[in-house]
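Enquirer: Submitted below is the structure of interest, expressed as structure tokens.
The values are calculated or read from the model by the stated rules, or taken from the named source; none is laboratory data. Predicted, not measured: the structure shown is a model, and the values here were computed from it. Using ideal geometry, Cβ is built from the backbone for each residue, glycine included, and neighbour counts are taken over all protein chains shown.
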Amino acid sequence: MRWLWYLVREAYANLRTNRLTTVVAILTTAFTLACVGIFLLSYVNLRNAANWLQEDIKIIVYLDDAVSQEEVQTLRERLRTDRLVAALRYISKEEALGEFRVQFPTDFHLLEGLGENPLPASFVVTPAPDFRSPEAVARWAERIGGMAGVAKIDYNQEWIDALAEVVRYLELTAIAVGSILSAAAVTIIGNTIRLALFARREEVEILRLVGATGAFIRIPYLLEGAVLGGAGSALALGMLKAGFEVFRHQIGLVGRFHGFEELVSFFPLSVSAAFVAVGMGLGIVGSMISLLRVGERRR
Amino acid sequence: MFVPEAIIQLIHVSKSYDRRAALSDVTLDIAKGEFVLLMGASGAGKSTLLRLLIGEERPDQGQIFVQGKNVGRLKQAEVPYLRRKIGTVFQDFRLLPNKTVFENVSLPLIVQRASMADIRRKVIEALRAVGVEHKKDQFPNSLSAGERQRVCIARAIVNGPVVLLADEPTGNLDPERTAEIIELFKLINARGTTVVVATHDPHVMTLANRRALTLAQGTVVQGPG
């Protein structure tokens, strides 16, 4: 087991000997990966919000004021038997007024001035999970809109679509920025390893002469790359978490966004672990690139 | 053709760098257990020959056998295993300054994944054989040139190589230390290890009093095997 101890000790010695380079590499890797993390965190939260809104979609079928009770009953039966409809709720004109009064108590006097209740009766439809796509909802709305007694159909699809579009762009940006910054992290770590190799070229040469295999020579440097990448990504994660908590606290203080802080979330443990693992992987790739030529000097 | 009793055999070997011939059509045999001096001025091709023997380089032409293995045809991954059978000693010692004498000598055993007990036993034996056991915890920079060369020799013999190659091993030593090192090589040779010493120093030839192959401008000019 001395050989294993030797490899670990060499990796540690490399990190310690080039202390300043090691610290600089960890810090630059951390800032680089933190930038990737910001995009990733924004993307994850916006995607969650889009999914949540998509699941919470409600279609409101407003009825004509002149609709008869029979027509309401017919419409109710049609909607209840529709396979797109998962849940159905009827809101009469009176109930609509009551809800308005609860939701907007200070503005209620505006309606009182009109004398007659201007709010229409409606059906609130929750679409079945399989029919929540924008296309399915649009097709259904068109079909139901033509029925007798229906005045208008309203749903929050447009801005859900807009959000989905933003999420798609953010996804592409995250991939592009992530790729570029990951390449930067690989380069930073690769250069650090190259410096370590240069500083220890004599030792590498001696190891080769005494019969060390290429793998034996490379392992300490691969370990070093993994440690640099892992430490950098862990630090980036810490910075992100600190920044995230500050953001959440601050946004909670702004009245307009009150409650928003409960909707945003940090990476779950599995994603955090994957983030560090990816950092380690990038470090190993950086080392491998620098080590490609070691042990292949035979002319 | 491979000669079974020869542990080292070169057959019409040529090697050049940038069209300048370092070795030209060299053919020689070194028998198992032999002590051979490779004489020649600087640039005669001695170091090139040693580098070819440890698989550091490939010949442009010809074949090289070490203990029956065609070194020129070894795959890159096989070269480390060849080097584990060959001990190498250099004029500039090539010891790691940040490691103790014990750690320096243990390197060939560590790369072979020897056990802790084996490493301890063999390193102490090797250091005792070259007379620097008492220096095992010191760092190379605190040793004299002669002691450093002894440590280098201990590292070369620690895993019981079949061949010991030395490239100008006395180049940095005074005459007294030179004589001691040559005596050490004779002792190692007497225990069965084939020893090849490359030197430009005629004094070494006198001290060793063994078969000498003289190289000049890349060819063997005297005493081929």
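Enquirer: Residues that are outside any loop (DSSP other than H, G, I, E, B), at pLDDT 90 or above and over 30 Å from B:L53 (Cα atoms): does segment A:193-216 have at least one?
Expert: no
Enquirer: Another question, if that's okay. Select from segment B:94-103 the residues that are assigned to a loop (DSSP other than H, G, I, E, B) and at the interface with chain A (Cβ under 10 Å from one of its Cβ atoms) and list them in ascending order.
Expert: Listed by number, the residues that qualify are B:R94, B:L95, B:L96, B:P97, B:N98, B:K99.
Enquirer: Conditions first: (1) among the acidic types (D, E); (2) surrounded by 15 or more Cβ atoms within 10 Å (Cβ to Cβ); (3) within 14 Å of chain B (Cβ to nearest Cβ). A:E224 passes all but one, so which condition is the exception?
Expert: A:E224 satisfies every listed condition except (3).
Enquirer: A further question follows. Looking at segment B:58-89 only, could you name the residues that are among the charged types (D, E, K, R) and touching a Pro at 6+ places or on another chain (Cβ under 8 Å)?
Expert: B:R84, B:K85
Enquirer: Of the residues that make up segment A:273-295, is at least one at pLDDT below 90, surrounded by 21 or more Cβ atoms within 10 Å (Cβ to Cβ) and assigned to a loop (DSSP other than H, G, I, E, B)?
Expert: Yes, segment A:273-295 has at least one match.
Enquirer: Something else now. Kindly indicate whether any position in segment A:56-70 is more than 30 Å from A:V167 (Cβ to Cβ), in a helix (DSSP H, G or I) and either outside the structural domain of A:F266 (by TED's automatic domain parsing) or among the hydroxyl-bearing types (S, T, Y) (or both).
Expert: There is at least one residue in segment A:56-70 that is more than 30 Å from A:V167 (Cβ to Cβ), in a helix (DSSP H, G or I) and either outside the structural domain of A:F266 (by TED's automatic domain parsing) or among the hydroxyl-bearing types (S, T, Y) (or both).
Enquirer: Something else now. Can you tell me which of A:L33, A:L27 is surrounded by 19 or more Cβ atoms within 10 Å (Cβ to Cβ) and either among the hydrophobic types (A, V, I, L, M, F, W, C) or within 14 Å of chain B (Cβ to nearest Cβ) (or both)?
Expert: A:L33
Enquirer: Would you mind finding the one in B:L109, B:L127, B:L164 that is closer than 24 Å to A:I219 by Cα and of a type outside the set (D, E)?
Expert: Result: B:L109 is the single residue among B:L109, B:L127, B:L164 that is closer than 24 Å to A:I219 by Cα and of a type outside the set (D, E).
Enquirer: On to the next question. Specify which of the listed residues (A:R168, A:R89) is within 26 Å of the chain's Cα centre (by Cα) and modelled with pLDDT of 80 or more.
Expert: Going through A:R168, A:R89 in turn, just one is within 26 Å of the chain's Cα centre (by Cα) and modelled with pLDDT of 80 or more: A:R168.
Enquirer: Still on this structure: Got a sec? Which of B:S106, B:S115 is under 19 Å from A:L207 (Cα atoms), without any contact (Cβ under 8 Å) to a residue 12 or more places away in the chain and within 13 Å of chain A (Cβ to nearest Cβ)?
Expert: Just one listed residue meets the conditions, B:S115.
Enquirer: For B:R120, all conditions in the list (1) within 12 Å of another protein chain (Cβ to nearest Cβ); (2) of a type outside the set (A, V, I, L, M); (3) closer than 28 Å to B:V204 by Cβ hold save one; what is the number of the exception?
Expert: Unmet condition: (3).
Enquirer: Just checking, how many residues over segment A:67-92 are out of contact with any strand residue (DSSP E or B) (no Cβ under 7 Å at 6 or more places or on another chain) and loosely packed, with under 14 Cβ neighbours inside 10 Å?
Expert: Here the count works out to 8.
Table: residues versus (1) touching a strand residue (DSSP E or B) at 6+ places or on another chain (Cβ under 7 Å); (2) free of Cβ contacts under 8 Å to residues at least 60 places away in the same chain; (3) under 24 Å from A:T22 (Cβ atoms).
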{"residue": "A:E165", "(1), (2), (3)": "no, yes, no"}
{"residue": "A:L172", "(1), (2), (3)": "no, yes, no"}
{"residue": "A:I175", "(1), (2), (3)": "no, yes, no"}
{"residue": "A:I188", "(1), (2), (3)": "no, no, yes"}
{"residue": "A:R201", "(1), (2), (3)": "no, yes, yes"}
{"residue": "A:G230", "(1), (2), (3)": "no, yes, yes"}
{"residue": "A:G238", "(1), (2), (3)": "no, yes, yes"}
{"residue": "A:A242", "(1), (2), (3)": "no, yes, yes"}
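Enquirer: Okay, moving on. For segment B:106-200, give me every one of the helices (runs of 4 or more DSSP H) that falls completely inside it and has 2 or more residues that are surrounded by fewer than 22 Cβ atoms within 10 Å (Cβ to Cβ) and either at pLDDT 95 or above or charged (D, E, K, R) (or both).
Expert: Working: elements: B:116-130, B:145-157, B:175-190.
Helices (runs of 4 or more DSSP H) meeting the threshold: B:116-130, B:175-190.
Enquirer: Let me ask you something else. Just one of the numbered conditions (1) more than 9 Å from chain A (Cβ to nearest Cβ); (2) touching a Leu at 6+ places or on another chain (Cβ under 6 Å) is not true of B:G87; which one?
Expert: Condition not satisfied by B:G87: (1).
Enquirer: Tell me, please, whether a residue that is within 14 Å of another protein chain (Cβ to nearest Cβ) and more than 28 Å from B:L74 (Cβ to Cβ) can be found in segment A:187-209. Before the answer, list the steps.
Expert: Here is the first cut: in segment A:187-209, the ones within 14 Å of another protein chain (Cβ to nearest Cβ) are A:196, A:199-209.
If we keep only those that are more than 28 Å from B:L74 (Cβ to Cβ) too, we end up with A:196, A:199.
Within segment A:187-209 (the criterion being within 14 Å of another protein chain (Cβ to nearest Cβ) and more than 28 Å from B:L74 (Cβ to Cβ)), the answer is yes, since at least one residue qualifies.
Enquirer: Please count how many residues of segment A:47-66 are out of contact with any Ser or Thr (no Cβ under 9 Å at 6 or more places or on another chain) and either of a type in the set (G, A, S) or crowded, with 19+ Cβ neighbours inside 10 Å (or both).
Expert: 3
Let's see how each residue does on (1) within 23 Å of the chain's Cα centre (by Cα); (2) among the hydroxyl-bearing types (S, T, Y):
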position	(1), (2)
A:A25	no, no
A:T28	no, yes
A:C35	yes, no
A:L41	yes, no
A:A50	yes, no
A:L53	yes, no
A:K58	no, no
A:Y62	no, yes
